[in-house]
Structure formats: structure tokens, C-alpha cells
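The values are calculated or read from the model by the stated rules, or taken from the named source; none is laboratory data. This is a predicted model, so every value here is computed, not measured. Counting neighbours? That spans all protein chains shown, and the Cβs are built from the backbone with ideal geometry, glycine included. Each accessible area value is taken on the protein alone, full model and side chains, heavy atoms only, with ligands, DNA and RNA left out. Shrake-Rupley method; radii C 1.70, N 1.55, O 1.52, S 1.80 Å.
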Amino acid sequence: MTTEAASASELSRYPALNAYLRHVEGPGAELPPIPPRPTRRPLIGRPAAPLRISPRALRAGIVAGGTGVSALWAVQAEPSARLDALFATGAHLTGLLAGYGVLVMLFLMARIPAVEHGVGADRLARRHATGGRHVLELCAAHLVLAVCGYASHAGTDLVSTVVDLLGYPAIAAASAGTGLLVAVGVSSARAVRRRVTHETWRTVHLLTYLGAALGFVHQLAGPDVAIDVVTRWLWAFLHATVAVLLVWYRLVVPIHQALRHSLRVVAVHGEGPGVFSVVMQGIGLDGLRAEPGQFFRWRFLRGGLWHTSLPFSLSAPVCGDELRITVKALGRHTRRVRRLAPGTRVLATGPFGALTAHRRTRRKVLLLAGGVGITPLRALFETLPGAPGDLTLLYRASTAEQLVLNGELEAIARSRQAALHYLLGPSDASFDPLAPQALRNLVPELAEHDVYVCGPPGMTAAALTALERAGVPEDHIHTECFTF
Ligand SMILES: Cc1cc2nc3c(=O)[nH]c(=O)nc-3n(C[C@H](O)[C@H](O)[C@H](O)COP(=O)(O)OP(=O)(O)OC[C@H]3O[C@@H](n4cnc5c(N)ncnc54)[C@H](O)[C@@H]3O)c2cc1C
């Protein structure tokens, strides 16, 4: 395929950008071909871009499901002014919504490519965290209302009611399930999360599956779902669907990818102080359909690393049988990654993330990187289509010594006639290169740009505020956080 043909197929993957160009510049407006890569051959002729579910569509789907569940409750509710009936009807609604909420939480974390690529892993994790809190609130409300309803119906005190209710196996199962969900919630609280390792937190999180299964037993036996056979089958079908998605995308697909691609480390080389690149080779990597800007979860099969899968972005586009990541040695795992020997087997799951060219809606693009956040933006800098002057990369670091991949960035900037500026200086210096006016001075027509931001949390937050103050509309700003 020629470069022009590759470019045409690339452009068909940016519906929002094409619509914008047609609107602003009339029919036939086209970006020039992607220039040849400076160091390596670009991967061309990839399969079509995967399906993506937008954040708005996901939210609408979740709300529609919640409305359906509430409607199910409404058609079953029998209006009554009696206190016990009011408690019972409240317990039914909160119980149904809690059960649905658990399903939604599991769905969000099932790593379904259409959801991951459309919404982004960090946004999904944030929604999962917020949603998880609401699910626990619903569980608590359900528990209190059910106990009060039962007590006022039977005329017993709350303690003996609880003892009576725990005599029912399905209720005992649900109570145990709720206990497990509470344990998961506690382990995710910021104060606890800071004190436990990522692996401990993940292991506790696996209890969610058991908690959900125990809750499901209770729901099938309970008055809302058991009431008619259609509801029972529908509820079971929803649970089975989510279970299949989880097993498929979290177990079957990773095993299949591991067997198919046989990834191995071929080289590890330094890029700067504490930063190094890991180059890996494998078979049939075009089948991964990885896009510049995306990340994988990497499991390196050597002592001290095999038990955890670490997220790292691709720091260069996939090229033939090669993948590359660039890692900052911050903690105990990343320090071990630096010592990987050539030949080490690697299991990569992915690609994940939505910080891709698909988000683009404008001809002009600003890439704004901080620290090791340069990795996904380096890959985008090379591959985003653009005429001379369309692309700008701003790279924030404390000192020139901390810049990494700068030789490559300069070569790309030269060959693509793109702008590249290093914003150096300590973060507490009196001159802030990320202040709105400073950004406007560096990037003419800033508000007309799409802006991709990736960096440490503090720098990212400061950049987002400055960009909004500088007049960049919120929906032109695309970001990915390196923490879940
Ligand atoms: C989407 C994404 C892309 C990333 N891309 C890059 C990149 O290209 N280059 C780079 O240098 N860093 C990247 N990171 C950050 C990198 O994953 C962490 O710095 C690294 O996993 C921490 O390991 P450690 O041994 O240094 O730290 P540890 O001391 O083990 O842990 C420090 C903190 O890192 C986080 N962490 C540890 N293990 C994991 C895990 N398995 N999954 C998620 N978070 C974890 C936890 O918040 C933990 O508290 C990325 C992170 C994310 C979420």
C-alpha cells in the first residue's frame, strides 16, 4: 500500500475530524499524507478501527437500565399507606437497584474493548469508584428498610428481627455478600489504599465476584425477581451476560493473546535518569490493533514481576513485529523491569485507553506532556495526520537532563515541520509556562486546537485549568491519567 493510500484509510478513521474539515473548509478538504516515520517503517494496512462506545452512550445505557429496573419495581409495587408496606416497598426498590448497580460495576471492569477504547480506562475506573460507593449506599438502605419493614410487620424488635432473617439461607448469603462488598469498599478508601500494595488491593477486589454471586442467590429467591418467570429469566440472563463478558475479556482473550503473540523482551536501554525503554518482539502484532496513545497491561515472566501486570503506554507505534514501552523507575516493580534480561517472556493484555486519534475533532492539535507522560504523546506526535504547522508538542520537565526521547521528538518535528517546545523549570518557579497567557503566546489560535494532555496528576490538573481559562472548550481537551 502506498503512503497516500495508507493516509486515506487513516483519515476514514476520524469521523469527527472529517466532519469538521468539511464544515470549515468545504467538500474535499483533506489532510496531507502522514510522513514516513523517521526511524522505522509504519504499520500500514491494519484492520478497521474497533467499535467504540462513547461516554455519553455508556451513561445513557446505564440510566436506561436503571429506569427499566425502577419500572419493574413500579409495576409490582402495591400502593399502601401502612408503615410496614412503605418500608417493604422502599426495600424492594433499593434492593433491585443495588443488584443492578453491582452488575454495572462488573460490566465497567470487564475490559470490553468497545467500552475501553471509547470511554478510556481512567474514566471507567473513576465511574466504577463513584458507582461502587452508591451501590454500598443502596445496600445499606435496603438492609435498614428490610429490617424495619419486617420488624413493624411482625411486631418484633430490631435485634430479634435480624436474628430471624439470618435464619433464611438466601438472606444469610446476601448478608455475607454485602459484607464482602463493604470490605472491598473499605480497601478502596483513599486512606486505606495508600497503606496497602496494589496487589493486596486487587486481591481484596476479587471478593466482589463472590459478593455478587451471593447477592444473586438472594435476588432470585427474593420477592421482586422471583415474582414471575419472565423477570427471573431476564435477571438471570443479565447476570449470565456480564459473567460471560468477564470470563471472555479478562481470561480467554489474555490467554489467547499470550499464546498467539509469544512476546519476548529483546532489549532494555536507558533513555535518561531513571528512565529506560523496553523493546519487545512477537508474532502477528498487527492483530492487536493497537493505536498510538494506547496502553497495555504487561506481565513480565520473571521473579518478582510475574504476579502483577503493570500498565505502560506504547512509546512508539507498533512496527512490524516490535513493540516499545518507556518506563520511569519509580517503585519496586518498575526498578525490576529495568533489569529484565533479553529473552524474558511477556504477557501483554490490551490495548486499552481512549487517548487516540479517534478523539480528534480539529485540524490543529496541541500535545501537552509532563514527565513520563511523554510516552503516549510521542507515539501520537509521529502518527497524527497533519500539514506543516498543524501539530505542536509542549513537553514540561524540571531540567533539560530529565527530558527523554528528545532526540526522536526533534527528528519527528523536523520531518513533519511540527512545533516542539520544551518547558523547563521547577514547578515552584515564579514563571509558570503552563499559565493561560504563556500557552497562548506559544500556541497561536490555541482555542482552535484539540489538546491531548498526559502527565503527573498535579501538572495535568494545572494544565486543564489553564487551558480552560485560555478559552479551549472542554470537549477539545483529551487526557489520560497514569493512576487508577
Ligand atoms: C494507563 C496508564 C499508563 C501508564 N503508562 C506509563 C508509561 O508509559 N511509563 C511509565 O513509566 N509509567 C506509566 N504508568 C505508570 C506506571 O504504571 C506505574 O508507575 C507503575 O505501575 C508503578 O509501579 P512501581 O513498581 O513503580 O510502583 P509501586 O511502588 O509498586 O506502586 C506505586 C503506585 O503505582 C500504582 N501501581 C502499581 N502497580 C500497579 C498496577 N499493576 N496497575 C495500576 N497501578 C499500579 C499504584 O497506584 C501504586 O500505589 C502508566 C499508568 C497507567 C494507569
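Mind checking the per residue accessible area of the range 327-484 for me, 1.4 Å probe, whole number of Å²? Don't jump to the answer; show the numbers that get you there.
Numbers: 6290 Å² over 158 residues.
Result: 40 Å² per residue.
Can you classify the range 270-427 as rounded, prolate or oblate using the Cα gyration tensor, where a ≥ b ≥ c are the square roots of its eigenvalues, rounded means a/c under 1.5, and otherwise it's prolate if a/b beats b/c and oblate if not? If you can, show how the numbers build up before the last one.
Numbers: a/c = 2.13, a/b = 1.37, b/c = 1.56.
Oblate.
Can you sort F482, F107 by solvent-accessible area, 1.4 Å probe, largest first?
On the way: F482 95, F107 65 Å².
Sorted descending by solvent-accessible area, the residues read F482, F107.
Within the range 325-432, report the chymotrypsin sites (Phe, Trp or Tyr not before Pro) that DSSP leaves as loop and that have at most 10 other Cβ atoms within 10 Å. The partial results should precede the final answer.
Values: sites: F352, F381, Y395, Y422, F431; in loops: F431.
Taking the range 325-432 and a limit of 10 other Cβ atoms within 10 Å, the loop chymotrypsin sites (Phe, Trp or Tyr not before Pro) found are F431.
How much accessible surface does T67 have with a 1.4 Å probe, in Å² rounded to 10?
We get 80 Å² for T67.
Using a 1.4 Å probe on the protein heavy atoms only, what accessible surface does K328 show? Give it in Å² to the nearest 10.
It works out to around 80 Å².
By per-residue mean of other Cβ atoms within 10 Å, what is the highest-first order of 331-344, 91-104?
Numbers: 331-344: 14.7, 91-104: 23.2.
Going from most to least packed, we get 91-104, 331-344.
Would you work out the relative contact order for the chain, in percent, from Cα pairs under 8 angstrom that are 6 or more residues apart? Can you show the working numbers first?
Working: 783 pairs, mean separation 75.0, N = 484.
Rounded, it is 16 percent for the chain.
Over the heavy atoms of T197, what accessible area does a 1.4 Å probe trace out, to the nearest 10 Å²?
Roll a 1.4 Å probe over it and T197 shows about 60 Å².
Hey, how much of the P(r) for the range 262-352 falls beyond 23 Å, as a percent of Cα pairs?
Numbers: 533 of 4095 pairs.
Above the 23 Å cut-off, the range 262-352 has 13 percent of its Cα pairs.
Relative to the Cα centre, what is the charge dipole magnitude of the chain, using +1 at the beta carbon of each Lys and Arg, -1 at the beta carbon of each Asp and Glu, and rounding to the nearest 20 debye? Write down the numbers at each step before the final one.
Working: 47 positive and 33 negative charges, 296 e Å.
The dipole of the chain has a size of about 1420 debye.
Give the separation of the Cα centroids, the range 415-484 to the range 312-356, in Å.
Measuring centre to centre over Cα atoms gives 26 Å.
In square angstrom, what is the accessible area per residue of the range 233-296 with a 1.4 angstrom probe? Spell out each step's value before the answer.
Values: 3050 Å² over 64 residues.
With the other protein chains kept in place, the range 233-296 gives 48 Å² per residue.
Let me know the volume per residue of the alpha-carbon convex hull for the chain, in Å³. Could the numbers behind the result be given before it?
Details: hull volume 88.3 nm³, N = 484.
Cα-based convex hull of the chain, divided per residue, equals 182 Å³.
Write down Rg/Rh for the range 427-481, rounded to two decimals, with Rg from the C-alpha atoms and Rh from the Kirkwood relation over Cα pairs. Please report the intermediate quantities before stating the final value.
Numbers: Rg = 10.7 Å, Rh = 11.4 Å.
Using only Cα positions, Rg/Rh for the range 427-481 is 0.94.
Debye calculation, C-alpha points only, no solvent: report log10 I(q)/I(0) for the range 69-224 at q = 0.12, 0.21 Å⁻¹, in the same order as the q values.
After summing over all Cα pairs, the log10 values are -0.58, -1.35.
For E271, enumerate residues with amide H under 5 Å from its amide H, sequence gap 5+ or separate chain, H modeled in the peptide plane.
Here F276, S277 satisfy the definition.
At 1.4 Å probe size, put H198, H128, H449 in order of accessible surface, largest to smallest.
Working: H198 80, H128 35, H449 5 Å².
So the residues, ranked largest to smallest area, are H198, H128, H449.
Counting only residues 5 or more places away or on other chains, whose amide H sits under 5 Å from the amide H of L420 once H atoms are built in the peptide plane?
Long-range HN contacts for L420: L393.
Express in % the proportion of alpha carbon pairs of the range 304-359 at distances exceeding 17 Å.
Working: 711 of 1540 pairs.
Percentage above 17 Å: 46.
Between rounded, prolate and oblate, where does the range 359-479 land on the alpha carbon gyration tensor, with a ≥ b ≥ c its root eigenvalues, rounded for a/c under 1.5, else prolate if a/b exceeds b/c?
Working: a/c = 1.55, a/b = 1.06, b/c = 1.47.
In terms of gyration-tensor shape, oblate.
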